[in-house]
Amino acid sequence: MAERPQGAALLRLSGWGRVAVAETTARRPERIGEVASALWAAGPGGVIARGLGRAYGDAALNQGGDTILTERLDRLLAFDAATGALDCEAGVTIDDLVDVFLPRGWMPPVCPGTAFVTLGGALANDVHGKNHDRVGSFADHVRWFDLLAADGAVRRVTPDSDPALFAATCGGIGLSGIVLRLGLALERVPSPAVRLREERMASLDDFLSAFATRARAATWSVGWIDALARGGSLGRGILETAEPAPAGTAVARDRRGALPVPFDLPGSVLNAAGVAAFNELYFRRVPAGGRERSVGLRRFLFPLDALSGWNRLYGSRGFRQFQCVLPDAEAEKGLRALLEAAAQSRAASFLAVIKTLGGDGRGFLSFPMRGITLALDFPNRPDAPDLLHRLERITLDHGGRIYLAKDSALSPEGFARMYPRLDELRRVLAAVDPQGRFRSDMARRLRIREDVA
Ligand SMILES: Cc1cc2nc3c(=O)[nH]c(=O)nc-3n(C[C@H](O)[C@H](O)[C@H](O)COP(=O)(O)OP(=O)(O)OC[C@H]3O[C@@H](n4cnc5c(N)ncnc54)[C@H](O)[C@@H]3O)c2cc1C
């Protein structure tokens with residue numbers, strides 16, 4: 001029997017980039033048993049689940065409708081220390097897991113660049129980490145999940161019991177229902193540290209040859225690009241590769257930092273000259289011959305978490321992130337075109353992130369494909385939509401796809417071309433949620449549910 005309905009609050013929520021904003025009726029169930037009541041209480045504007053709101057755009061927004069906040073569903077329910085099998089609620093965060101399990105020699109196998117995401121959010125975007133070549137994406141480690149669907153029934157879904165619903169939920173941006181609880185396989189790590197190798201890359205060519213020769217074979221790898229560099233230095237940056245440090249490796253304090261950004265910085269602080277100076281310093285920080293050292297896993301995996309609320313650095317107008325993946329065969333030409341467009345716009349991107357991805361994900365809307373992914377941040381200036389449009393075109397011209405977790409501007413036509421399994425998703429959604437109760441601003445923008453008004 002469903003438990004008591006939740007009190008509702010009218011909230012103004014935004015994506016992490018603080019550009020997409022929505023007014024919504026929000027409910028925050030305290031327990032799994034209360035989520036169905038929150039679903040029934042939702043009005044005609046439909047409902048969407050929201051974790052920690054780290055998706056940059058409108059994936060977890062539902063203007064004029066309802067939102068179910070999952071952060072109180074944060075209980076660890078069972079753990080098998082022989083196999084690493086974890087049973088927990090969907091509002092548990094990667095940060096919680098690292099806190100509890102890293103001291104015991106276990107880690108979530110897939111960690112995005114911030115630990116402040118819920119497992120429900122990680123599943124709904126089928127997130128990837130700095131080790132995608134080796135371990136795939138988040139859904140590859142999910143053994144089962146409990147899904148509250150539009151009819152109010154809870155279904156336990158495994159990749160074998162209902163492959164279509166599994167694929168519609170992994171990467172499915174919350175449109176198949178609300179993930180309440182899941183079974184995740186954790187991975188053993190020998191120590192809470194990595195042996196990190198940092199090397200300067202003088203250009204994009206250097207990056208591409210390092211990716212082809214050694215970065216894909218490393219346990220973790222990620223590159224930071226100076227997105228303002230042009231000409232012969234286009235694509236210059238730092239490549240980081242890391243291996244687990246042996247048991248007993250001591251590291252300095254590796255807790256998350258709590259240095260807050262207390263207010264919105266004036267937009268003028270992050271002008272092109274300031275960012276160029278920062279990028280130059282970042283590049284020179286690593287000696288010309290490279291360096292190797294042990295650092296904590298947390299610091300390596302989640303460098304931005306040291307500064308809480310860093311999204312305020314871009315000022316009150318917020319910022320945009322663009323992330324795409326290009327197939328290997330098109331990567332060189334496509335990345336060059338993307339970096340040239342970004343540098344030419346002088347849109348003052350901080351360090352861009354470049355990584356390899358190993359292959360397709362399990363979800364109909366999973367982002368990864370075998371290739372190279374590039375992520376760029378820039379302030380939300382009036383010309384930002386034009387730049388995003390140009391980047392979308394270049395991505396399409398090179399057979400790539402844009403990541404929905406980061407997106408706030410993709411066109412429905414571009415989306416349909418980038419995600420060839422969209423019709424499979426639509427068929428499952430039409431069957432499991434015929435009235436389209438699960439809705440979001442992103443789903444409307446990308447016209448995912450064409451079958452419902
Ligand atoms: C600094 C930073 C670095 C990042 N780095 C990476 C990275 O390296 N790799 C990567 O893949 N991503 C990365 N991301 C993106 C982030 O991992 C995803 O957006 C993730 O989904 C956010 O989780 P959340 O709990 O905040 O979800 P939200 O942002 O609240 O929601 C995201 C989506 O998940 C859905 N959802 C949330 N909970 C549930 C649930 N219980 N049931 C069903 N649907 C649900 C929402 O409806 C929405 O569609 C990064 C984000 C930030 C801010």
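Simple point charges give the picture: +1 on the Cβ of Lys and Arg, -1 on the Cβ of Asp and Glu, and for the range 76-189 a dipole about the Cα centre of about 140 debye. What the Cα atoms of the range 396-447 give is an Rg and a Dmax of 11.9, 37 Å. The charge dipole of the chain, taken about the Cα centre with unit charges on the Cβ atoms of Lys, Arg (+1) and Asp, Glu (-1), comes to about 740 debye, rounded to the nearest 20.
The apolar share of the surface of the chain, taken as the fraction of accessible area on carbon and sulfur atoms (1.4 Å probe, ligands and nucleic acids excluded), comes to 53 percent.
Amide H to amide H distances under 5 Å link residue 85 with 80, 186, where only residues 5 or more positions off or on other chains count and H is placed in the peptide plane. Scaling the Cα radius of gyration of the range 1-143 by the globular reference 2.2 N^0.38 Å produces a ratio of 1.11. Heavy atoms of the protein chains alone define the surface here; on that basis the range 76-189 has 29 Å² accessible area per residue at 1.4 Å probe size. For the range 99-116, the Karplus equation 6.51 cos²θ - 1.76 cosθ + 1.60, evaluated at θ = phi - 60°, returns couplings of 4, 7, 9, 4, x, 9, x, 10, 9, x, x, 10, 10, x, x, 10, 8, 8 Hz by residue, with Gly and Pro reported as x. Solvent exposure of the range 193-416 amounts to 40 Å² per residue of accessible area, where only protein heavy atoms count and the probe is 1.4 Å. Net charge dipole, the range 18-153: roughly 240 debye, given to the nearest 20, about the Cα centre with Cβ charges of +1 for Lys and Arg and -1 for Asp and Glu. Bridgeable aspartates and glutamates around residue 333 (alpha carbons under 20 Å apart, same-chain partners fewer than 8 residues away excluded): 205, 206, 226, 392, 397. Each 5 Å bin from 0 upward holds the following percent of the Cα-Cα pairs of the range 53-94: 6, 18, 19, 19, 14, 10, 9, 5, 1, 0. One equal scatterer on each Cα of the chain, no solvent, Debye formula: the resulting log10 I(q)/I(0) at q = 0.05 Å⁻¹ is -0.16. Of interest is the spacing of the C-alpha centroids, which for the range 140-176 and the range 27-86 amounts to 14 Å. Among 116-125, 9-18, sorting by the average number of other beta carbon atoms lying within 10 angstrom of each residue, highest first, gives 116-125, 9-18. Note on residue 406: lysines with a C-alpha under 20 Å away, same-chain residues under 8 apart excluded, are 130, 355. Gyration tensor over the Cα atoms of the range 76-189: the corresponding equivalent ellipsoid has semi-axes (square roots of 5 times the eigenvalues, largest first) of 22, 15, 13 Å. Distances between placed amide hydrogens fall under 5 Å for residue 117 paired with 94, 95, all partners being 5 or more residues away or on another chain. When all alpha-carbon pairs of the range 193-416 are counted, what percent fall beyond 25 Å? Roughly 42 percent, rounded to a whole number.
Here the ratio of the Cα radius of gyration of the range 307-404 to 2.2 N^0.38 Å is 1.10. Think of it as helices only: each DSSP H run of n ≥ 4 in the chain is worth -39500 (n - 2.57), and spread over all residues that comes to -7000 deg cm²/dmol at 222 nm.
Need one word for the range 141-262: rounded, prolate or oblate. Basis is the Cα gyration tensor (sqrt eigenvalues a ≥ b ≥ c); a/c below 1.5 gives rounded, then a/b vs b/c decides. Taking the square roots of the gyration eigenvalues as a ≥ b ≥ c, the range 141-262 is prolate.
The values are calculated or read from the model by the stated rules, or taken from the named source; none is laboratory data. Here the structure is a predicted model, which means the values were calculated and not measured. Cβ atoms come from the backbone with ideal geometry, glycine included; neighbour counts cover every protein chain shown. Just so you know, the surface numbers come from the protein's heavy atoms only, side chains and all, with ligands and any DNA or RNA stripped out. Shrake-Rupley method; radii C 1.70, N 1.55, O 1.52, S 1.80 Å.
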